[in-house]
Every structure is written in structure tokens, then in C-alpha cells.
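Here is the structure we will look at, set down as C-alpha cells.
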Amino acid sequence: MNKADLSDAFAQQLLPKPPSKLGVAVSGGGDSVALLSLAAIFAEEHGIELHVISIDHGLRADAYQELKLVTQMCADIGCQHHLEYWSGWDGGGNLQDRARVARYELMGDWAAGNGISVVLLGHTANDQAETLMMRLARGAGVDGLSAMSARRMQNGVTWVRPLLGITRRDLRSYLQSEGLVWAEDPSNEDRDYERIRMRDALRILEPLGFSTENLTAVADQMSQARAALNWQTFLAAREVVEVSHGAVCFNMKVYRTLPVEISRRLLVHALGWLSNAEYPPRRNAVEVARHSIRDGVGHTLHGCQIQREGNTLWIYREFNAIKDLTSDIGDAWDDRWYVEGEEEDPVYRVRALGADGLAKTKDWRELGVPRAALMVTPGVFLNGELIAAPAVEDTDEWSVELEGGADGFFGALLSH
């Protein structure tokens with residue numbers, strides 16, 4: 001691809017309504033330097049204010065010198081360069097995962113603080129191919145093998161990957177033709193990392209047809225299959241699901257007739273919607289839960305309780321997962337409930353109703369909702385004493401709202 005082709009491919013991800021401010025995440029590596037160069041061209045053509053952010057993870061002494069290249073490039077372009085530092089790794093867990101999460105948090109906070117609604121990321125077609133192969137090696141299904149999204153919104157920021165259809169080889173050719181300097185991260189040669197091992201393997205497999213182009217085509221096809229499955233799951237949910245007092249109810253007469261994959265997706269979606277977890281439960285764990293449902297046995301998974309009563313399957317938050325969560329009035333409790341009242345004195349606290357709180361309410365049995373499901377609804381407390389249980393009892397002084405309401409459950413099926 002020549003410069004004009006690259007610029008056109010880049011622009012397609014931001015037109016026809018480009019933002020007035022544009023953030024760019026730049027590490028100093030070849031992919032991100034090419035991203036910044038193309039973003040600068042686009043910004044100049046469309047009168048956009050360009051902002052650049054880099055994250056120093058504090059893991060390599062050379063990183064500072066590499067980021068100085070970015071600072072110089074930004075000065076040459078005439079845009080602001082912001083540098084953030086991360087020092088949150090304690091030596092435990094998966095370093096790359098921890099660094100990725102921290103990176104998005106830091107970039108998201110920076111974008112919000114500077115009124116930037118769109119941030120560009122430098123993932124390429126090669127990243128897409130490597131990710132697919134890594135997930136294939138773990139036995140991933142349709143969702144895991146689906147392509148990375150070129151555009152997604154999270155925490156008020158739209159993250160755009162305008163280079164997903166462009167290979168690393170084309171970007172290196174562009175950098176060389178433009179005389180641009182970039183840094184080579186030595187970790188790109190470190191075979192301790194799974195991605196590097198897969199990158200090396202793909203060099204061997206490419207002559208057998210495992211090319212970047214073919215693998216990204218597979219990922220795109222998997223994305224289309226995922227969208228079709230999500231649509232069918234949405235249609236099934238309309239027939240099967242009811243949201244009641246924050247819990248999800250399945251009509252078992254209909255649920256048990258669904259195709260296996262649709263019923264599995266519906267269960268996974270319910271668990272994710274209730275727990276608000278970043279990742280879904282592992283497939284093996286879901287299969288164990290499905291067997292428990294079939295046998296009519298209660299089960300706990302993903303911070304949720306699964307309980308069958310007659311022809312209704314109830315799924316709701318597990319009490320132990322939220323018993324210590326508290327919030328102020330008006331703030332999100334358990335990331336999903338909002339309690340409002342005439343009194344917003346900070347001494348009022350929202351926490352799980354619990355067994356003691358539920359015992360102080362009247363006629364809760366008439367609601368037809370399992371006791372354990374009501375125990376995990378929000379209660380308003382003052383000095384440890386229950387003031388209101390707005391999800392269980394109507395009151396003029398206090399109101400409660402579930403974020404997105406029941407429609408949020410169904411809509412989320414189509415927003416993945």
C-alpha cells in the first residue's frame with residue numbers, strides 16, 4: 001500500500017464525522033509511530049486538534065529514551081505529548097494483562113480530563129492474526145475467534161483501531177519512505193511471551209496458507225457469525241427472559257427447547273449482565289452450571305446464584321459477592337443500582353438488604369421472588385439500621401432504579 005492508500009484506509013475509520021479533538025496512543029514502536037504520522041496528516045486536513053499520550057510502565061530502562069522520540073515527533077508535528085507512568089505491578093499475576101488494564105485506565109482518565117472523546121490505537125492486521133491463533137490454541141469458540149472491533153466505546157471514550165486492515169509490513173515500508181524513526185521494543189524478541197512465540201510460529205506457517213490476510217479473513221467471518229448468534233439470542237431472550245427486582249428469570253419450558261449454543265449464550269449473558277464482570281466465565285464452568293440447571297440443582301457462578309423453582313430459573317447476585325459493597329445515595333451500588341431520596345445526607349449508606357434487612361420488610365413473600373434474590377437488592381441504612389428497601393417496598397421518600405432497566409438486558413445482547 002502506498003501513502004495515499006494508507007491515508008484513505010485510515011480516514012475511513014473516522015469519516016464522515018471526525019471529532020474536533022483526537023487522542024493518539026503512541027509507544028514509540030513502528031506501528032504507533034505510523035499511526036501518529038497518519039493521524040497528523042488527517043488532523044491537518046480536517047482541522048482537528050491532536051493530542052498524544054504515552055504510557056511508561058517502568059519495566060524497561062530504555063523506555064524513557066524511546067518515548068523521547070515520541071516527544072520530538074510531537075514537537076515537529078506541533079501537537080501536545082502527555083506522558084503517564086504506571087508503577088502498579090507487584091510482581092504477581094499476568095504482567096501483560098495487568099499492564100493492558102492499567103494502560104486503558106490511564107488513557108481513559110487522560111481523555112476524559114482533556115475532553116477527548118476518541119482515542120486511536122495502533123493494532124494492526126498482524127495483531128489480529130496473532131490474537132486469533134493464540135485463542136485458537138486455547139480452544140476458543142466463535143466469540144474468541146472473532147475479530148477485534150475497529151471501534152468500541154468504553155467509559156465514555158470511543159477507541160478506534162484504524163490500522164486493523166493494514167499489515168505491519170506495509171507500515172514499515174511507509175515509515176521508511178517517510179524517513180521516520182521508530183524504536184524496536186526488545187520484548188518483541190522475548191519468547192517468554194506467548195504472542196512472540198505465536199509470531200514466530202506464523203512465519204513458519206505462512207507458506208502453508210496461514211497468512212495474515214487469510215487469518216484476518218477468518219476473524220472477520222467469525223465476527224459475522226457472532227453477530228448472527230447474538231441476534232438469535234436476542235430473539236430467544238424476548239421469548240424466555242423477564243427481569244424482576246434486579247434478577248433474571250428464564251421460562252424453563254421455552255429455555256430447554258433452545259439450541260445448545262443459544263441457551264449457553266443466554267446464560268452467559270445473564271451472568272455477565274448481573275455481575276458486570278469484564279470477562280465471561282470459562283466455558284467449562286458454564287457447562288457445569290448447565291448440567292446443574294438440567295438436574296434442578298442450585299449453582300453459584302461468576303458472582304451469581306442460579307436457582308430453579310418450578311418452571312422458572314432465577315439468576316441473581318450471590319450475597320457473598322456483594323455483602324461488603326457500600327455506596328453513597330445517588331451513586332451506583334454494585335455498578336447497577338441507583339437509589340435516590342429526599343435526604344442525601346452522607347450518613348445514609350446503600351448496601352445489600354441481607355437477611356436481617358429483608359426480615360424488617362412487610363409482605364415480601366407476596367412478590368413471588370426468591371428470598372435470596374431480594375436479599376441482594378439495595379437497602380438504605382442509617383447507623384446500621386434499615387431505613388428503606390425501595391426495591392422491595394414502595395416508598396414516597398426513596399426510589400430505586402436499575403441501570404438501563406429491563407431493556408438494558410436485551411439491548412446489551414446486540415451491543416457486543
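Derivation of every value follows stated rules applied to the coordinates shown; laboratory data play no part. Keep in mind it's a predicted model, so treat the numbers as computed, not measured. Glycine also receives a Cβ, built like all others from the backbone with ideal geometry; neighbour counts cover every protein chain displayed.
Full extension from Ile196 to Asp356: what is 0.36 nm times the residue separation minus their Cα-Cα distance, to one decimal in nm? Don't skip to the answer; put the middle values down first.
Values: separation 160, 0.36 × 160 = 57.60 nm, distance 5.41 nm.
Length gained, Ile196 through Asp356: 52.2 nm.
Could you give the size of the charge dipole of the chain about its Cα centre, using +1 on the Cβ of each K and R and -1 on the Cβ of each D and E, expressed in debye and rounded to the nearest 20?
For this selection, approximately 1760 debye.
Measuring from centroid to centroid over Cα atoms, what is the spacing of segment 210-263 and segment 278-295 in Å?
15
What is the sum of charges, Lys and Arg at +1 and Asp and Glu at -1, for the other residues whose Cβ falls under 13 Å from the Cβ of Arg103? The partial results should precede the final answer.
Values: positive: Arg98, Arg100; negative: Asp56, Glu84, Asp97, Glu105, Asp109.
Net local charge, Arg103 excluded: -3.
Only Cα pairs within less than 10 Å get springs; with that Gaussian network setup on the chain, which residue of Val260, Val286, Val240 has the largest fluctuation?
Taking springs between Cα atoms under 10 Å, the residue moving most is Val260.
Specify the residue with the greatest mean-square fluctuation among Leu367, Leu38, Leu163, computed from a Gaussian network of the chain linking alpha-carbon atoms under 10 Å apart.
Per the Cα network of the chain with a 10 Å cutoff, Leu367 tops the list.
Specify which labelled value, from [x] 1.22; [y] 1.09; [z] 1.02, agrees with Rg/Rh (Cα atoms, Kirkwood Rh) derived from the coordinates of the model shown.
The value computed from this structure is option [z].
Would you compute, from DSSP H runs of 4+ residues alone, the mean residue ellipticity of the chain at 222 nm, taking -39500 (n - 2.57) per run and dividing by the full residue count, rounded to the nearest 500?
Working: 16 runs with 186 residues, N = 416.
Counting only the DSSP helices, I get -14000 deg cm²/dmol.
Of the listed peptides 269-276, 310-317, what is their order by residue-averaged count of other C-beta atoms within 10 Å, with the highest listed first? Show your work: numbers first, answer last.
On the way: 269-276: 20.6, 310-317: 19.1.
Packing order, densest peptide first, comes out as 269-276, 310-317.
Measure out, as a whole number of angstrom, how far apart the alpha-carbon centroids of segment 166-180 and segment 15-56 sit.
What the calculation gives is 16 Å, centre to centre.
How would Tyr193, Tyr255, Tyr279 line up from fewest to most surrounding beta-carbon atoms within 10 angstrom?
On the way: Tyr193 14, Tyr255 20, Tyr279 7.
By the 10 Å Cβ count, ascending: Tyr279, Tyr193, Tyr255.
If you average the alpha carbon positions of segment 106-136 and of segment 313-369, how far apart do those two centres end up, in angstrom?
Comparing the Cα centres of segment 106-136 and segment 313-369, I get a distance of 36 Å.
Just to be sure I understand: with springs between alpha-carbon atoms less than 10 Å apart, which residue in Gly108, Gly368, Gly29 has the highest mean-square fluctuation in the Gaussian network model of the chain?
Sorting by GNM fluctuation, first place goes to Gly368.
For segment 223-316, what is the charge dipole size about the Cα centre, in debye to the nearest 20, if Lys and Arg each add +1 at the Cβ and Asp and Glu each add -1 at the Cβ?
Values: 11 positive and 7 negative charges, 46 e Å.
In debye, rounded to 20, segment 223-316 gives about 220.
At 7 Å along Cα-to-Cβ for each site, give me the label-to-label distance between Glu105 and Leu235 in nm.
For the pair Glu105/Leu235, the computed spacing is 4.2 nm.
Could you give the length gained on full extension between Ala406 and Gln65, defined as 0.36 nm per residue of separation minus the Cα-Cα distance, in nm? Display every interim value, and only then the final one.
Working: separation 341, 0.36 × 341 = 122.76 nm, distance 5.14 nm.
Gain on extension, Ala406 to Gln65, equals 117.6 nm.
For the chain, give me the percentage of DSSP beta bridges that are antiparallel, rounded to the nearest 5 percent.
Numbers: 38 of 54 bridges.
The answer is about 70 percent antiparallel.
Cross-link candidates for Lys323: which lysines have Cα within less than 19 Å, leaving aside residues fewer than 8 places away along the same chain?
Lys360
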